[in-house]
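In what follows, a structure is listed as structure tokens, so that the remarks can point back to it.
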Amino acid sequence: MATDQTMHGVPPSLSARVVGSFAYLTVRDRLPTILTKVVDTIHRNKNKFFEEYGEVGIQAEKQAISLLSKLRNELQTDKPVLALTDGLPDTDSWNQYLERQQRLQGDQEPVSWFKSPWLYVECYMYRRIHEALLLNPPISDFDVFNEGKTQSFTESSQAVMSLCTYLEGIKNNIDELSKNPLFEHFNKLMQVSLWGNKCDLSISAGQENSQKTSPLDSLYSLLPFILVDDTKRVWSALISAQRPRESGKNNADRVDIVLDNAGFELVTDLVLADFLVSSGLARQIHFHGKSIPWFVSDVTAKDFQWTIRQAMATNHKWVSKCGVQWQRYLKEGMWCYHDHPFWTQPHEFCDMAADAPDLYTTLQGADLVLFKGDLNYRKLTGDRDWEHTVSFETALRGFGPATLCSLRTLKANIQVGLQPGQGDKLTSQDPSWMTSGKYAVIQFHNPKSE
Ligand SMILES: O=P(O)(O)OC[C@H]1O[C@](O)(CO)[C@@H](O)[C@@H]1O
Ligand SMILES: [Mn+2]
């Protein structure tokens, strides 16, 4: 069996094996910090568990903490990755993936935290956190990241207000807008959604990371930090997907948004989605979220509903109006929310067609799929050590259920589709350009046009 390194000329997966690399520092420093915070959070909620479940709640809290401490120890001492034991519907698939990694790595050494692909072990950590709670029934549903996510929303309230006010302002005369101003609004809201991705809580190891100022005011000054901007191609794809409808209005049928973080980023995505349907650029939006708490701040169904309810209940005319509208879109089926276990598995997306064919088929029904965030970018490109000048299409390795676009701030040392020399120039100007979240890309691919 070919090892990962030699597979068809595809570069190796990023891994903590490379001492000093960003993957190494993440596994050595950031992941244990996240685990410690998870333990603290569970411990701080001890009284709540007691009030809700009595002594059994306290036992569950202790037991979950002991499993998580064991997990942290396995990670820090580079122990072999263990099979899952919780018997969830996706357990077998995780365990098969472990065997697959073992085959790729060869028999000489076991799959382990510092020796195996970073993408795999990082995803595995979140699945093990879930297992630790799941094995302790009365507190199985407890989302250890909930506090951070709700806090991030609350602390961004000024930014949420200005964004919702802007959206309502556009919607006032949206039917009269000609193509150019419509594109300008689209362009802005794409950028707001892009920079919303700065606000994740995984890169900061759970440290508060909300949006304090109006994002609209800084867009112009942030333009030089967008390394690839394919917004015009996304726009053309939306326009060319427009089909005549009975109403006489032209609409693209469906845009799917593969969500990333809750808090401010989710609001930026909801605002973009609202704009797309209210402007007639799309008729339906399908949101894809996570089915378990994931990478600290990622959106689950609960976060999605909570955010919309919270917006509705906000004492601000335009925010609550947006919330009410979003709820209506959901009720009337113009918007819908899905989660699929594949989003919380460790696969590169080029495996989706074979390993989650139902999800692949679902995405094929979209006219455009927007992938939010850094982790989705890592999965789109396989989290591999690509040259920066390799095309996005090459790095996708055949993944293309539909026309797609990644909106991502750079928080991991992978970036493709740059001009020759662009990467070197950035490295000399700002050595942490790939991991600071200061830079971003809007990168497009149309599988039918190549
Ligand atoms: O929320 P995002 O944009 O996917 O960012 C999460 C990223 O943060 C990190 O934890 C930073 O290394 C990555 O593992 C992950 O890609
Ligand atoms: Mn995230």
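The values are calculated or read from the model by the stated rules, or taken from the named source; none is laboratory data. These numbers were taken from a predicted model, which means no experiment stands behind them. Note: ideal-geometry Cβ built from the backbone for every residue, glycine included; neighbour counts use all protein chains shown.
Among Ser391, Ser428, Ser406, which is the only one that is within 16 Å of ligand 2 (Cβ to nearest atom) and among the hydroxyl-bearing types (Ser, Thr, Tyr)?
Ser406 is the lone residue from the list that is within 16 Å of ligand 2 (Cβ to nearest atom) and among the hydroxyl-bearing types (Ser, Thr, Tyr).
Among (1) hydroxyl-bearing (Ser, Thr, Tyr); (2) closer than 22 Å to Tyr126 by Cβ; (3) within 16 Å of ligand 1 (Cβ to nearest atom), there is one condition Tyr337 misses while meeting the rest; what is its number?
(3)
Any chance you could count how many residues in region 114-127 are charged (D, E, K, R) and either free of Cβ contacts under 8 Å to residues at least 60 places away in the same chain or within 16 Å of ligand 2 (Cβ to nearest atom) (or both)?
Residues flagged as charged (D, E, K, R) and either free of Cβ contacts under 8 Å to residues at least 60 places away in the same chain or within 16 Å of ligand 2 (Cβ to nearest atom) (or both) within region 114-127 amount to 2.
Tell me, which residue of region 268-306 that is in a helix (DSSP H, G or I) and within 15 Å of ligand 2 (Cβ to nearest atom) is farthest from His340 (Cα to Cα)?
Thr268
Scan region 70-78 and tell me whether some residue there is in contact with a helix residue (DSSP H, G or I) (Cβ under 7 Å, 6 or more places away or on another chain), under 18 Å from Cys123 (Cα atoms), acidic (Asp, Glu) and outside any helix (DSSP H, G or I).
Looking only at region 70-78, we keep the residues that are in contact with a helix residue (DSSP H, G or I) (Cβ under 7 Å, 6 or more places away or on another chain), and these are 71-72, 75-76.
So of that shortlist, the ones also under 18 Å from Cys123 (Cα atoms) come out as 71-72, 75-76.
In the following step, the residues that additionally are acidic (Asp, Glu) were identified as none.
Looking for residues that are in contact with a helix residue (DSSP H, G or I) (Cβ under 7 Å, 6 or more places away or on another chain), under 18 Å from Cys123 (Cα atoms), acidic (Asp, Glu) and outside any helix (DSSP H, G or I), one finds none in region 70-78, hence no.
Give me the residue from region 212-260 that is part of a loop (DSSP other than H, G, I, E, B) and at pLDDT below 70 and, out of that set, nearest to ligand 1 (Cβ to nearest atom).
Lys212
Which one of Thr409, Thr427, Thr435 is in the same structural domain as Ser236 (by the TED database), buried (at least 23 other Cβ atoms within 10 Å of the Cβ) and of a type in the set (Ser, Thr, Tyr)? Please lay out each step first, then the result.
Working: Thr427 fails: buried (at least 23 other Cβ atoms within 10 Å of the Cβ); Thr435 fails: buried (at least 23 other Cβ atoms within 10 Å of the Cβ).
Exactly one of Thr409, Thr427, Thr435 is in the same structural domain as Ser236 (by the TED database), buried (at least 23 other Cβ atoms within 10 Å of the Cβ) and of a type in the set (Ser, Thr, Tyr), namely Thr409.
Report every pair of residues separated by at least 6 positions or lying on different chains whose Cβ atoms are under 6 Å apart, first residue within region 151-175 and closer than 15 Å to Val271 by Cβ, second modelled with pLDDT under 90.
Ser156/Ser210; Ser156/Gln211; Ala159/Gln211; Ala159/Ser214; Ala159/Pro215; Ser162/Ser214; Tyr166/Leu216
Which pairs turn up if I take residues in region 218-242 that are within 14 Å of Met190 (Cα to Cα) and look for partners that are part of a helix (DSSP H, G or I) and basic (Lys, Arg) with beta carbon separation below 8 Å, at least 6 apart in sequence or on another chain?
The qualifying pairs are Leu219/Lys188.
Does Arg254 qualify as being more than 16 Å from ligand 2 (Cβ to nearest atom), touching a residue at least 24 places away in the same chain (Cβ under 8 Å), in the same structural domain as Glu184 (by the TED database) and surrounded by fewer than 22 Cβ atoms within 10 Å (Cβ to Cβ)?
Working: more than 16 Å from ligand 2 (Cβ to nearest atom): yes; touching a residue at least 24 places away in the same chain (Cβ under 8 Å): yes; in the same structural domain as Glu184 (by the TED database): yes; surrounded by fewer than 22 Cβ atoms within 10 Å (Cβ to Cβ): yes.
Considered against the rule, which asks whether it is more than 16 Å from ligand 2 (Cβ to nearest atom), touching a residue at least 24 places away in the same chain (Cβ under 8 Å), in the same structural domain as Glu184 (by the TED database) and surrounded by fewer than 22 Cβ atoms within 10 Å (Cβ to Cβ), Arg254 comes out as yes.
Here is a yes/no grid of residues against (1) of a type in the set (Gly, Ala, Ser); (2) assigned by the TED database to the domain that holds Ser297:
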{"position": "Leu82", "(1), (2)": "no, no"}
{"position": "Leu88", "(1), (2)": "no, no"}
{"position": "Thr91", "(1), (2)": "no, no"}
{"position": "Leu104", "(1), (2)": "no, no"}
{"position": "Tyr124", "(1), (2)": "no, no"}
{"position": "Tyr166", "(1), (2)": "no, yes"}
{"position": "Ser178", "(1), (2)": "yes, yes"}
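How about region 115-133: which of its residues are acidic (Asp, Glu) and under 15 Å from the mean Cα position of the chain (by Cα)?
The one that is acidic (Asp, Glu) and under 15 Å from the mean Cα position of the chain (by Cα): Glu122.
If Gly9 satisfies all but one of (1) touching an Asp or Glu at 6+ places or on another chain (Cβ under 6 Å); (2) at positive phi, what's the number of the condition it fails?
For Gly9, the exception is condition (1).
If you go through region 90-113, how many residues are charged (D, E, K, R) and in contact (Cβ under 8 Å) with a residue 60 or more places away in the chain? If you could, list the steps in order and put the result at the bottom.
Narrowing region 90-113 to residues charged (D, E, K, R): 90, 92, 99-100, 103, 107, 109.
Applying the additional criterion that residues be in contact (Cβ under 8 Å) with a residue 60 or more places away in the chain yields 90, 103.
Adding up the residues that qualify gives 2.
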